[in-house]
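Working notes for the structure below.
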Amino acid sequence: MSTSFHPNEVQRRGRIASGLVALTMFVLVSAFFRTQVLRNAQYTLESEQNRLREVPLPAPRGIIYDRTGQIIAENLPGYTVSLLAPGVDSLRAALRRLSGTIPLTAPQMDLAVRRFRRAPNRPAVILADASFDVVSVLEEHRIEFPGLIIQASPKRYYPDGAAVASFVGYTGEITEAELTRDAFRGYKAGQQVGKGGLEKQYEAQLRGREGTRFVEVDARGRVVREAGARADIPPERAAVLRTNIDLDLQRFIVGLFGDSLQGGVVALDPKTGAVIALHSAPAYDPNRFTGGIPADYWKALNTDPRRPLYNKVLQGRYEPGSTFKLATASIALERKVATLDDRMPTPCSGGYQFGNRYFRCWEHKGHGSLTMREAIAVSCDVYFYQLGLKIGIERLVAGGVSLKFLDRTGIDLPEESPSQFPYAVEYYNKRYGPRGWSNAVVLNLSIGQGENSQTVLNMARFYTALATDGREAQPSIMQRPVKRDSIMSLTPDQLVALRDAMVGVTQAGGSAASAAIQGVRLAGKTGTAQNSQDPKRDHAWFVGMAPAEQPKVVVAVMLEFGGHGTRAARIASKIIEHFLKVKAAPVPVTEAGT
Amino acid sequence: MIGRTLADRPLAALAVLLTVFGIIVVYSAGQTDVIVPVVARAWQRQLGWFLIATLSALLASRASVRVLEWSAWPVYLGGLLLLSVTLVFGSGAGTAASQKGWLTIAGVRLGQPSELAKIFVVLMLARVLAARREAPTSLIDLWQPALVAFAPWALIMLQPDLGTGIVFIGIFFCMLFWSGVKWPLLVLAGSPGISLILAFSTGVWGVWFVALVALVIWYRPYLWEGVAVVVANVVAGVIAPILWDRLHPYQQRRLLVFLDPQSDPRASGYHVIQSQVAIGSGGWLGKGYLDGSQKRLAFLPAQHTDFIFSVVGEELGFMGVSIALGLFLWLFLRTVRVAQRANDQFSSLVAFGLGAGWFVHVIVNVGMTLNLMPITGIPLPFFSYGGSFLLSCWLAVGILLRVSSEGRGRAGTFAM
């Protein structure tokens, strides 16, 4: 008998062996405890990421209404077609196979691959706005494309199309550049966002909250379960947006412009700043922007010399011309340089000699001796040259600044450009050198020429002060708290007198006599702005208000290449007439059968 | 007769429990969203193999230990022949398609001889070690058992099947320990292998080398032995990079991935990462039987064979893992008990060797699912789908039952 197999030895080795085995198993169990219990959350997450793919459920964007409850922007049922793929190669292969079933262009495929690279765990959108025909074809062939996701997704629709484009803007897929910005934190690739106008301005309210549907995929990226893998997160519909726009007036204005006229119009409620209508002609069709702008349409818009994408109310800046004479007049009255009944030393003989230069009046025959009242009605340049000289450049520039001719109005639209006006006399020194300019600039400035270019909206804003008690109203598309600031300290009598003088414009002998409205006292001012691009084709201005006693509406019209301001006045008069007579008149109640 | 065979009821019950547990999990492994017919039907074949295996175990348990001892030589030589034949006619299968592990005749895969080789090596080692009056005390004394283990090991490494090779080494050292070899000698004998592994880092190898020299001085083997051990370690450290270059690329990747699975998460590291995700996401109670998403959606590789324990972890959670490992622990302790109570040295060594084989399998396989061990592709006893291996496990159960029934009520009184 060997000593190494002595019972005691065997017992000892048995104990050692048992101990080592138990210890090893204990270490194993501990390792499992660490993995399964202590690190459970991390691995559960990884396992969920393995099997679940998030299919976004787009939230319907908020509906935009006009002041009467008519729909400006809504959502129509639409479909997006997207593909889930485990990698770029398999995505390309699937796209190639897909192109045998539905028409797919090479750029569309490349775009889908780019979208996939941005967010590999989300389905790559192939068709953002698939037609019903394409969807039904795909549904038939569904079994051949295991990663195919067809998702109902509401698409933006503007029933009035181009008629509302000037203020509503449009929507489109968020760009890669936008995704990196703080303003778009929380957005995901493929989402639709507002790209202009109200859609952009009120994106936060309009977007709603995207929901998520979870589909289950296997290791090869095949969709195994379309629904029920995890409870869906339903999308949240956005709040509605109520605007001050009057769609009927807006449509009327668009009709007036037709296809031939080009320019901008804005109608404001002078007491609240409510934007009743805003149109820039020609406009684009925002419905065609939904789900990707067709390349040819985008090219046509960008090459059109009439610049449909350029908002002529908000972005376009034009010399205000004679519409600025009311600013000159109100500055003169405010600084007590002249009264409404004062005459200037030199009567109008068709021009004015200043130094070695001769400044013409638009009326070559001359107006003779005029009061300020009369000078406003006939828009006499010679009168305002002299009034400007009496005010002096310092006070004229300062007055223009306090009337906010170098500001934005603060309208709730993202496109607005600031108007341009000398910030002080220093401006001329900087621009031309201290000796490079003469007092002649004050002559130009006083009749709205020279270093002065205004947006249509800013002129309308200025006239809201004239239309009320000297307080301007901040233009608002949305129904939001009224913001009014006093910009001129004129007495009520002076304001009434200025409006009366403007009524003269549209009466016999006035510069826009043909714009008169039967039974309504229309006050306003024409303007003819020199066009830097084409000296033969002036821009036509008219800013007016009615009824003159207590204006309910201020309308600014600017016709590019429109010639004399009278043409703009006739358009404005029709708009005001429509608004006051058709809209404001109580609807006659007729009983059935009578 | 059966009554006598089942004298050790706990041992038989444990083996049955583990196999049934295994078949239940093999069934679940086949329940995937995209059905793979071969895997989905694996549980039926496994059930069939269970029947064959238990019958074989009953047969084995009828052979007295003396018959086994007598047949050790012929069985061993026959086994070596079978392994050699496999090298010539063998073919690969499944996840080990490049290995020649299957004995294939006329295109029919008959089985994996290396699984049965574990048993005949245990028998042969037991016979060689039991023939000695004293436990080996010097390295030269180890030449016989070393040769017995080396011959089949070399044939298996030629397939090449690294995993099974590791099991052989494990069995060899465990049986040396059980035969009474002192632990310093075991360390000295194993030191060149350890040097080989540690040579990936010069610093680590240096520390090991210093410790080894200290051990040599303290244990005081024969001078030439001490010199041989030191030289062997130096040589191992030097040739390690050369051997590394000779490894198959897939073997290199597996070892690299073991050190850092994230080094190749989409390819070589994929299996072990997905296995950990499956197990980790199981939590306390698991995702529910049949409901493991990693398994169901095919993220888990070889879920019915090598990675079957990941299915246990995912679907039955820490609770299921603890039960399974608890059953294994009980089986091992029971096996040690059988070895302790065996009638003679041979029986005792056979029992311990068979248990050691299972133990190494469990540690390597289960450790692999958590990346505690490199991926070597060896199956989990009683659980993994596979006929030869289940048969081999149950033959071992049969032998153990026999040893147990011949053993005394209490350990310690050998009748030599």
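Inside 10 Å of the C-beta atoms of B:177-184, what's the mean count of C-beta atoms belonging to other chains? Don't skip to the end; give the middle numbers.
Details: counts 4, 6, 4, 8, 1, 1, 1, 0.
Mean shielding by partner chains, rounded to a whole number: 3.
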| About its Cα centre, how strong a charge dipole does the protein assembly as shown have in debye, to the nearest 20, once Lys and Arg get +1 and Asp and Glu get -1 at the Cβ? | 1540 debye
| Under 5 Å between amide H atoms, partner at least 5 residues away or on a different chain: which partners does A:SER369 have, H built in plane at 1.01 Å? | A:CYS348
| task | Pull up all non-local amide H partners of A:ALA73: gap of 5 or more, or a different chain, and H-to-H distance under 5 Å with H placed in the peptide plane. | result | A:ILE64
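With +1 on the Cβ of every Lys and Arg and -1 on the Cβ of every Asp and Glu, and nothing else charged, how large is the dipole of the range B:134-287 about its Cα centre, in debye rounded to the nearest 20?
Values: 7 positive and 7 negative charges, 70 e Å.
The dipole magnitude comes to about 340 debye.
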| query | lysines near B:LYS287 by alpha-carbon distance under 30 Å, same-chain residues fewer than 8 away left out - which ones? | reply | B:LYS295
| message | What FRET efficiency comes out for A:ASP182 versus B:SER71 if R0 is 60 angstrom and r is the Cβ-Cβ distance? Round to the nearest 0.05. | response | 0.15
| query | Given labels modelled 7 Å from the Cα in the Cβ direction, how far is it in nm from A:TYR310 to A:ARG12? | reply | 10.3 nm
| Could you give the length gained on full extension between A:VAL520 and A:ARG225, defined as 0.36 nm per residue of separation minus the Cα-Cα distance, in nm? | 99.2 nm
| said: Along the charge dipole of the protein assembly as shown, pointing to its positive end and built from +1/-1 on Cβ of Lys, Arg, Asp and Glu, which listed residue (A:VAL27, A:GLN507, A:PRO103) has its Cα farthest out? | reply: A:VAL27
| said: Calculate the FRET efficiency for A:ARG335 and A:THR303 from the Cβ-Cβ distance with a Förster distance of 60 Å, rounded to the nearest 0.05. | reply: 0.75
| remark: Among A:LEU268, A:PHE289, A:LEU249, the residue whose Cα sits farthest towards the positive end of the charge dipole of the range A:156-313 (+1 at Cβ of Lys and Arg, -1 at Cβ of Asp and Glu, taken about the Cα centre) is A:PHE289
| task | Report, in whole Å, the centroid distance computed from the Cα atoms of the range B:13-34 and the range B:165-236. | result | 40 Å
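Would you please put A:425-436, A:130-141 in order of how densely packed they are, using the mean number of other Cβ atoms within 10 angstrom per residue and starting with the highest? Before the final figure, lay out each step's value.
On the way: A:425-436: 12.2, A:130-141: 14.0.
My ranking of the peptides, most packed first, is A:130-141, A:425-436.
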| task | Apply the Karplus parameterisation 6.51 cos²θ - 1.76 cosθ + 1.60, with θ equal to phi minus 60°, to every residue of the range A:278-295 and state each ³J(HN,Hα) to the nearest whole Hz, in sequence, with x for glycine and proline. | result | 8, 9, 10, 10, x, 10, 9, 9, x, 5, 6, 7, 5, x, x, 7, x, 4
| remark: Going from the fewest other Cβ atoms within 10 Å to the most, one would list A:ASP381, A:ASP248, B:ASP161 as A:ASP248, B:ASP161, A:ASP381
| remark: For A:GLY351, the residues 5 or more places away or on another chain with a placed amide H closer than 5 Å to its own amide H are A:CYS361
| request: Determine ³J(HN,Hα), in whole Hz, for all residues of the range A:47-59 in sequence, where each value follows from phi through the Karplus function 6.51 cos²θ - 1.76 cosθ + 1.60 and θ = phi - 60°; x replaces Gly and Pro. | output: 5, 5, 5, 4, 9, 9, 10, 8, 9, x, 9, x, 7
| message | Compute the helix-to-body angle for A:492-503: its Cα long axis versus the longest principal axis of chain A, expressed 0 to 90° and rounded to tens. | response | 80 degrees
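Could you please rank B:SER347, A:SER349, placing first whichever residue has the fewest other Cβ atoms within 10 Å of its Cβ? Please list the in-between numbers first.
On the way: B:SER347 27, A:SER349 14.
Fewest-to-most ranking of B:SER347, A:SER349: A:SER349, B:SER347.
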| task | Provide the gained length on full extension for the span B:ILE194 to B:LYS182, in nm with one decimal, where the gain is 0.36 nm per separating residue minus the Cα-Cα distance. | result | 2.5 nm
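Assign unit charges at the C-beta atoms only (+1 for Lys and Arg, -1 for Asp and Glu), then state the dipole size of the range A:78-153 relative to its Cα centre in Debye, rounded to the nearest 20. Please report the intermediate quantities before stating the final value.
Values: 9 positive and 7 negative charges, 88 e Å.
With Lys and Arg at +1 and Asp and Glu at -1, about 420 debye.
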| query | Which order, highest average first, do A:146-153, A:260-267 follow once you tally other Cβ atoms within 10 Å for each residue and take the mean per peptide? | reply | A:260-267, A:146-153
| query | Which links in A:LYS200/A:LYS525; A:LYS195/A:LYS574; A:LYS200/A:LYS483; A:LYS155/A:LYS200; A:LYS155/A:LYS574; A:LYS312/A:LYS525 stretch past 26 Å when you go from one Cα to the other? | reply | A:LYS200/A:LYS525; A:LYS195/A:LYS574; A:LYS155/A:LYS574
| query | When the label point is put 7 Å from the Cα of B:LEU290 along its Cα-to-beta-carbon vector, which residues of the range B:33-47 have a backbone N closer than 13 Å? | reply | B:33
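Please report the antiparallel percentage of DSSP beta bridges with both residues in the protein assembly as shown, rounded to the nearest 5.
Details: 71 of 74 bridges.
Rounded to the nearest five, the antiparallel share is 95 percent.
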| Which of the peptides B:357-370, A:552-565, A:486-499 is most tightly packed, and how do the rest follow, judged by the mean count of other Cβ atoms within 10 Å per residue? | A:552-565, B:357-370, A:486-499
| task | Compare the Cα positions of A:TYR202, A:PHE324, B:LEU215 along the charge dipole of the protein assembly as shown (+1 at Cβ of Lys, Arg; -1 at Cβ of Asp, Glu; about the Cα centre) and return the one farthest towards the positive end. | result | B:LEU215
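How many Cβ atoms of partner chains, on average, are near each residue of B:333-342 if near means within 10 Å of its Cβ?
Numbers: counts 6, 0, 3, 9, 2, 0, 4, 8, 2, 2.
Across the residues of B:333-342, the mean count of other-chain Cβ atoms within 10 Å is 4.
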| request: With a point put 7 Å past each Cα toward its Cβ, work out how far A:HIS141 is from A:ARG251 in nm, to one decimal. | output: 4.2 nm
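What's the average, rounded to a whole number, of partner chain beta-carbon atoms within 10 Å of each residue's beta-carbon in B:117-124?
Values: counts 0, 0, 0, 0, 0, 0, 0, 0.
The mean count of partner-chain Cβ atoms within 10 Å per residue comes to 0.
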| task | Enter the Cα centre distance for the pair the range B:335-380 and the range B:129-160, rounded to the nearest angstrom. | result | 18 Å
| message | Through the Karplus equation 6.51 cos²θ - 1.76 cosθ + 1.60, θ set to phi - 60°, convert the phi angles of the range A:113-122 into ³J(HN,Hα) values in whole Hz; use x for Gly and Pro. | response | 5, 5, 5, 5, 4, 5, 9, x, 8, 9
| query | By how many nm would the segment from A:PHE33 to A:ASP296 lengthen if fully extended, with 0.36 nm per residue of separation less the alpha-carbon distance? | reply | 88.4 nm
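Since every read-out is calculated from the coordinates, none of them should be taken as a lab result. Quick caveat: nothing in here was measured; it's all calculated off a predicted structure. Every residue, glycine as well, gets a Cβ built from its backbone with ideal geometry; the counts of neighbours run over all protein chains shown.
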